[in-house]
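Take a look at the structure below.
The values are calculated or read from the model by the stated rules, or taken from the named source; none is laboratory data. Nothing here was measured: the structure is a model prediction, and the numbers come from that model. With ideal geometry, Cβ positions are generated from the backbone for all residues, glycine too; neighbour counts draw on all protein chains shown.
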Amino acid sequence: MIAEAGHYALVLALALSLIQSTVPIAGARWGDVALMNVARSTALAQLLFVAVSFTALVMLHVGSDFSVANVFENSHSTKPLLYKITGVWGNHEGSMLLWVAILALFGGLVAAFGNNLPLSLRAHVLAVQGWIAAAFYLFILMTSNPFLRIATPPIEGRDLNPVLQDIGLAVHPPMLYLGYVGFSISFSFAVAALLEGRIDAAWARWVRPWTLVAWIFLTLGIAMGSYWAYYELGWGGWWFWDPVENASLMPWLAGTALLHSAVVMEKRNALKVWTILLSILTFSLSLLGTFLVRSGVLTSVHAFATDPTRGVFILLILCFFIGGSLTLYAWRASTLKQGGLFAPISREGALVLNNLFLTTACATVFVGTLYPLALEVLTGDKISVGAPFFNLTFGPLFVPLMMAMSFGPLLAWKRGDLLGAAQRLTAAGIAALVAIAVAYAWTYGGSTFAPLAIGLAIFVIAGAMTDLAERTALFRAPFATAMQRARGLPRATWGTAFAHAGVGVALIGIVCETTWNSEYIGTLKPNEVARVAGYELKLDGVTQRQGPNYREMIAQFTVRLDGEKLSVMTPSKRNFTTRGSSTTEAALLTRGASQLYISLGESTNEGAVAVRIYHKPLVLLIWWGPVLMAFGGMLSLSDRRLRVGAPKPAKASRALQAAE
Amino acid sequence: MTRKQRRLTMIGGSLAVLAVAAALVLNAMRDSIVFFSTPSMAAEKQIPAGKRFRLGGLVQPGSLVRGDNLAVNFSVADGAAKLPVAYKGILPDLFREGQGVIAEGAIDATGVFRADTVLAKHDETYMPKDVADALKKQGHWKDDYGAKPSASAAPTQGAPK
């Protein structure tokens, strides 16, 4: 019954989304308030029915109902409860259901909290959301229905891919989807603006918080995914430039650009047409990401259940939305009025530079990800574009971006003073030079490139602090005055500083991990000792253990530093009998921001075991950086300017709202 | 500056950045792209020693020899030809004889493929997509590779022959 109820609720949600996608537009054309208000109720009702459908699938998984194909293929009765729940989106059908559930959630949020939007804009936005939702409901119902029954129900399920049986699956996909799908809101706003042929600074005020929310989740989602890959895959790598990772990085780069251009639009009423284009591109890249991951056209190191036949359907959705919105853009963008003027050297100019580099970097990732696919289609040659390509293209583009990052916030709107900004950044520059000198002296004879990169990172962090110091008049005014001014600063200013510093922090982590990583790879017998970066790791012994749905080989290591016992580490290797596959559970020992990392290979007959031991200096900064960025985003989001006082658009629709 | 001059500055700047990016991409494309070959494709094309490529195929059953200090030797076969592979390090969890594998490296002077990376991240059917496509093209594809592993038994597919 539950499966049928879930299926039925999904069909009802499709019907509601079809109403939502047509009736409000007609209402907006005819100026009919009642028809326009249909958007709000259908969006909320749609959210309700998708929630019912999703809950039904969760209940089926928790109850191990193996008469449902999706549960049979991805669950097992002995699987722990947490993984029974997270297993819902650990497969294609379930993850698509999560995708539409989040889409409906965002639509519902606009409907519930968009009361201060002009009625026709809200109607248009929700109608566009309705189109996207309808396309994906059709996709799920026609090609990937999670509620299909099996005629002869088996007794036991096939279990979830062991790599996915991890807490990471509980957090990473929902976060990532909140980011991906969150950009649908700015897309809908952009398309609505094109349909209405009207856009103003108030529009940017509404779009910015939604973009910011999506960006925060995407940032955390990517960082979380990277950390998950780091400890789960057992190679100690945290970014592989894999197509699936690039698929999430591209919307992030475009979304970051969008976030910055929306600022220009809100504050200076400039870059309107560009902001609209970025909104469209960002969500298009999110859709492309969904297509790449779900269609199986690209090979990936990450495990996904994929089916190429579904790819055609998503490709059609992709062509319709990207092609349609870009056509609409080409047709209507010229009707939008040009905005304010500014000199090339100004805050606006700096933000344009930011956009230029971010979108170019995004384009190089796009080329690197899709070129192999295009070449295979055209010539039949199979190639792989790996990390060297991206390091050679992405790296050089990020260097000028990060240099400019400290200058941007110090420049005035309209016309900036570059020399003045440079003078104020003297302290940051000196800090960077000192960092380069120290790093160079400390690692004498090593890489010359790494100290320079660390200097750049320090410059970014110090630059972010300089901005705060300048605004609070720290060191110039008495301390108490500075504190008072610090409290009075807009939260968005603090947010900018934290987010920018986060980029620098992440860069330090990346440089240290890649340059000064030390490793030991070899076989160890019990009581043998491996030495890595001054640490002594003694293998005490290997034991076997039975887990809920796997057998586990656990090795115990005693870690010593200068003869003093620090800790015990227990990496393990799990063998999942149902799928006949095994996973490596790495053991991590955190020392400050650095980590010791042990993962096991296979054991030999003589009782020896193959091990990989890494010492990764400051590796945690790689993920603290994005966390700082997301924290900065949240500070900006809490800025009261984004919550209240959004000015009414020039041609107010007061008459319409009064009738509500 | 007039509006026109400002716009020209912007457009000029954008074009400069795009040109630099295009140069970077083309340069990186020349140096860091790796082709995929099966053993018979490698023999046919006579890939010179030292040229990096990705070798894909099935691990020849019975060919796996473990040496000292994590040295591993095995053969990669695609039904028509096979190529000996030498690797030093820990093999991935899913590496098995008779199943698909991708190794990245180059052929040395003695004709042995020296791999520095071995990938065995498979999809559910325990077969990398590139390998499956190549085997299908050469007609060495048996349908049971495509079949999903059954519920009761652990997936123990045999060799292609």
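General observations
To keep it simple, each residue is scored yes or no on (1) of a type in the set (Ser, Thr, Tyr); (2) farther than 20 Å from A:Leu10 by Cα; (3) buried (at least 23 other Cβ atoms within 10 Å of the Cβ).
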{"site": "A:Asp32", "(1), (2), (3)": "no, yes, no"}
{"site": "A:Ala43", "(1), (2), (3)": "no, no, yes"}
{"site": "A:Asn74", "(1), (2), (3)": "no, yes, yes"}
{"site": "A:Leu98", "(1), (2), (3)": "no, no, no"}
{"site": "A:Leu103", "(1), (2), (3)": "no, no, yes"}
{"site": "A:Arg122", "(1), (2), (3)": "no, yes, yes"}
{"site": "A:Trp131", "(1), (2), (3)": "no, no, no"}
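- Residue match in the stretch B:63-83 (condition: touching a helix residue (DSSP H, G or I) at 6+ places or on another chain (Cβ under 7 Å), within 11 Å of chain A (Cβ to nearest Cβ) and at pLDDT 80 or above): no
- Filtered by the rule that a residue be within 7 Å of chain A (Cβ to nearest Cβ) and farther than 17 Å from A:Ser346 by Cβ, the stretch B:1-21 gives B:Val17, B:Leu18, B:Ala21.
- Top-ranked residue of the stretch A:156-194 - restricted to ones that are assigned to a loop (DSSP other than H, G, I, E, B) and within 22 Å of A:Val244 (Cα to Cα), ranked as nearest to the chain's Cα centre (by Cα): A:Asp166
- Candidates A:Ala247, A:Ala192: the one that is in contact with a helix residue (DSSP H, G or I) (Cβ under 7 Å, 6 or more places away or on another chain), crowded, with 22+ Cβ neighbours inside 10 Å and more than 24 Å from A:Thr364 (Cα to Cα) is A:Ala192.
- Restricting the stretch A:110-155 to residues that are of a type in the set (A, V, I, L, M, F, W, C) and assigned to a loop (DSSP other than H, G, I, E, B), the residue that is nearest to the other protein chains (Cβ to nearest Cβ): A:Ile155
- One residue alone among A:Ala404, A:Ala431 is in a helix (DSSP H, G or I), within 12 Å of chain B (Cβ to nearest Cβ) and modelled with pLDDT of 85 or more, and that residue is A:Ala404.
- Meets criteria (surrounded by fewer than 19 Cβ atoms within 10 Å (Cβ to Cβ), of a type in the set (Gly, Ala, Ser) and touching a Leu at 6+ places or on another chain (Cβ under 8 Å)) for B:Gly13: yes
- Check on A:Ile598, in contact with a Pro (Cβ under 7 Å, 6 or more places away or on another chain), of a type in the set (A, V, I, L, M, F, W, C) and farther than 30 Å from A:Ser77 by Cβ: yes
- From the list A:Arg491, A:Arg545, A:Arg579, the one residue that fits, being farther than 30 Å from A:Ala453 by Cα and touching a helix residue (DSSP H, G or I) at 6+ places or on another chain (Cβ under 8 Å), is A:Arg579.
- Some residue of the stretch A:303-310 being within 19 Å of A:Trp241 (Cβ to Cβ) and at pLDDT below 90: yes
- Any hit, the stretch B:45-54, residues being facing chain A (nearest Cβ under 7 Å) and either crowded, with 19+ Cβ neighbours inside 10 Å or over 24 Å from A:Phe366 (Cα atoms) (or both): yes
- So A:Glu564, is it among the charged types (D, E, K, R) and within 14 Å of another protein chain (Cβ to nearest Cβ): no
- For the stretch A:61-78, the count of residues that are over 30 Å from A:Gln546 (Cβ atoms), aliphatic (A, V, I, L, M) and in contact (Cβ under 8 Å) with a residue 40 or more places away in the chain is zero.
- Tallying residues that are within 22 Å of A:His260 (Cα to Cα) and either modelled with pLDDT of 90 or more or within 14 Å of chain B (Cβ to nearest Cβ) (or both) within the stretch A:323-336 yields 3.
- Residue pairs meeting the criteria (Cβ under 6 Å; at least 6 apart or on separate chains; first touching a residue at least 40 places away in the same chain (Cβ under 8 Å), in the stretch A:469-493; second assigned to a helix (DSSP H, G or I) and of a type in the set (A, V, I, L, M)): A:Arg491/A:Leu635
- Scanning the stretch A:382-395 for residues that are within 16 Å of B:Arg30 (Cβ to Cβ) and surrounded by 17 or more Cβ atoms within 10 Å (Cβ to Cβ), we see that the one that is farthest from the other protein chains (Cβ to nearest Cβ) is A:Phe390.
- Residue that is nearest to the other protein chains (Cβ to nearest Cβ), among those in the stretch B:22-43 that are under 12 Å from B:Lys82 (Cα atoms) and either out of contact with any Leu (no Cβ under 9 Å at 6 or more places or on another chain) or part of a helix (DSSP H, G or I) (or both): B:Met41
- Segments classed as helices (runs of 4 or more DSSP H), wholly inside the stretch A:1-99, with at least 3 members that are hydroxyl-bearing (Ser, Thr, Tyr): A:2-30, A:33-62
- Set side by side, the residues A:Lys565, A:Lys616 differ, and just one is within 21 Å of A:Tyr231 (Cα to Cα) and at pLDDT 90 or above, which is A:Lys616.
- Neighbours by Cβ (under 6 Å, 6+ apart or cross-chain): first from the stretch B:86-105, hydrophobic (A, V, I, L, M, F, W, C); second modelled with pLDDT of 85 or more and surrounded by fewer than 20 Cβ atoms within 10 Å (Cβ to Cβ): B:Ala86/B:Asn73; B:Ala86/B:Val112; B:Ala86/B:Arg114
Residues checked against (1) within 25 Å of the chain's Cα centre (by Cα); (2) closer than 28 Å to A:Thr256 by Cβ:
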| position | (1), (2) |
| --- | --- |
| A:Ile383 | no, no |
| A:Met403 | yes, yes |
| A:Gly420 | no, yes |
| A:Ala441 | no, no |
| A:Thr466 | no, yes |
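- Looking across the stretch A:344-366 at every residue that is within 7 Å of chain B (Cβ to nearest Cβ) and touching a residue at least 24 places away in the same chain (Cβ under 8 Å), the one that is farthest from A:Arg268 (Cα to Cα) is identified as A:Thr364.
- All conditions in (1) under 30 Å from A:Val367 (Cβ atoms); (2) at pLDDT 85 or above; (3) surrounded by 16 or more Cβ atoms within 10 Å (Cβ to Cβ); (4) not charged (D, E, K, R) hold for B:Leu18, with the sole exception of (3).
- The stretch B:80-94, residues that are more than 26 Å from A:Tyr614 (Cα to Cα) and part of a loop (DSSP other than H, G, I, E, B): B:Ala80, B:Ala81
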